[in-house]
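The values are calculated or read from the model by the stated rules, or taken from the named source; none is laboratory data. Predicted model, so just to flag it, every value in this text is computed and none were measured. All Cβ positions, even for glycine, are placed from backbone atoms using ideal geometry, and neighbour counts span all protein chains on display.
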Amino acid sequence: MADDYPEIAARFARETAQHQMTVLHGDGLYRHLKFADPSGGFYRFDLITWPHNAFLRGDGFSFGFSIYPTEDIFDMFRGSISGGINPGYWQEKVTAGKVRDWSEELFRTWALAEATEAEARYPGAVEAVIKQILHSDEHSTEYQGTAEYAVAAFNHSGFRLRIPNDWEKSFEDYSWEYLFACHAVLFGIAKYDAAKQVTA
């Protein structure tokens, strides 16, 4: 649901507030729509469609979507406009693009929960995890590799953390690029539909 990632929705709205649509090609389901701030700036994107497919190319992200038997892929996205983006369902239709990425927030939540659970047996575990991992000057949890290194180096009076296997726990969440692209698709379709109503 759109409410699950309000910071991305707010960022998208802020970055695209002045975007206007330019139809570079419009022949039925074959469309090339450009969205950009006429005064310049970042986060320009193109929405290109052909039967059963859409390709979104933007500043910092590119995604391909495909769905059968729906000929006009806009219909799939239009079905979600009232409820906002639908990243869970739409990810099943992605043919190109990085949908999921390392989530520092999920990792930090896990590390703190593990320390909290161990606190009774290993007094000071929470403080040690905060100091040695979460607020460390030596290790960053922003990236998977450095976060895993911080866990491997961690030791508090015999208490150690172990990164769980992927099937036990995942530290991945939707990438900001994917969520941004989901908002871009809905934004683009809304602009396109509004322009068609004006000319009808």
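Taking the conditions exactly as written (crowded, with 17+ Cβ neighbours inside 10 Å and not small (Gly, Ala, Ser)), does residue 19 satisfy them or not? Before you say what the answer is, go through the steps one by one.
Working: crowded, with 17+ Cβ neighbours inside 10 Å: yes; not small (Gly, Ala, Ser): yes.
Spelling it out, residue 19 is indeed crowded, with 17+ Cβ neighbours inside 10 Å and not small (Gly, Ala, Ser).
Under 6 Å between Cβ atoms, which residue pairs at least 6 apart in sequence (or on different chains) link something in the stretch 111-126 that is assigned by TED's automatic domain parsing to the domain that holds residue 162 with a partner that is charged (D, E, K, R) and surrounded by 13 or more Cβ atoms within 10 Å (Cβ to Cβ)?
Pairs found: 125/119; 126/119.
Being at pLDDT 95 or above and of a type in the set (A, V, I, L, M) narrows it down to one of 67, 48, 85, 81, so name that one. I'd like the intermediate steps shown before the answer.
Values: 67 fails: at pLDDT 95 or above; 85 fails: at pLDDT 95 or above; 81 fails: at pLDDT 95 or above.
One residue alone meets the criteria, 48.
Among the residues of the stretch 62-77, is there at least one that is surrounded by 15 or more Cβ atoms within 10 Å (Cβ to Cβ), in contact with an Asp or Glu (Cβ under 7 Å, 6 or more places away or on another chain) and closer than 28 Å to residue 172 by Cβ?
no
Going by the structure shown, is residue 136 under 29 Å from residue 12 (Cα atoms), free of Cβ contacts under 8 Å to residues at least 40 places away in the same chain, not aliphatic (A, V, I, L, M) and not assigned by TED's automatic domain parsing to the domain that holds residue 31? Give the derivation first.
Working: under 29 Å from residue 12 (Cα atoms): no; free of Cβ contacts under 8 Å to residues at least 40 places away in the same chain: yes; not aliphatic (A, V, I, L, M): yes; not assigned by TED's automatic domain parsing to the domain that holds residue 31: yes.
The answer is no for residue 136.
Among the candidates 146, 116, 141, single out the residue that is among the β-branched types (Val, Ile, Thr) and not in a helix (DSSP H, G or I).
Numbers: 146 fails: not in a helix (DSSP H, G or I); 116 fails: not in a helix (DSSP H, G or I).
None of the other options fit; the residue is 141.
Among the residues of the stretch 59-74, which ones are of a type outside the set (Phe, Trp, Tyr) and more than 18 Å from residue 36 (Cβ to Cβ)?
Step one: filter the stretch 59-74 for residues of a type outside the set (Phe, Trp, Tyr), giving 59-60, 62, 64, 66-67, 69-73.
Listed by number, the residues that qualify are 64, 66, 67, 69, 70, 71, 72, 73.
State all residues of the stretch 173-200 that are in a helix (DSSP H, G or I) and charged (D, E, K, R); if no residue qualifies, say none. Can you show your working first?
Within the stretch 173-200, the subset in a helix (DSSP H, G or I) is 176-199.
Matches in the stretch 173-200: 177, 191, 193, 196.
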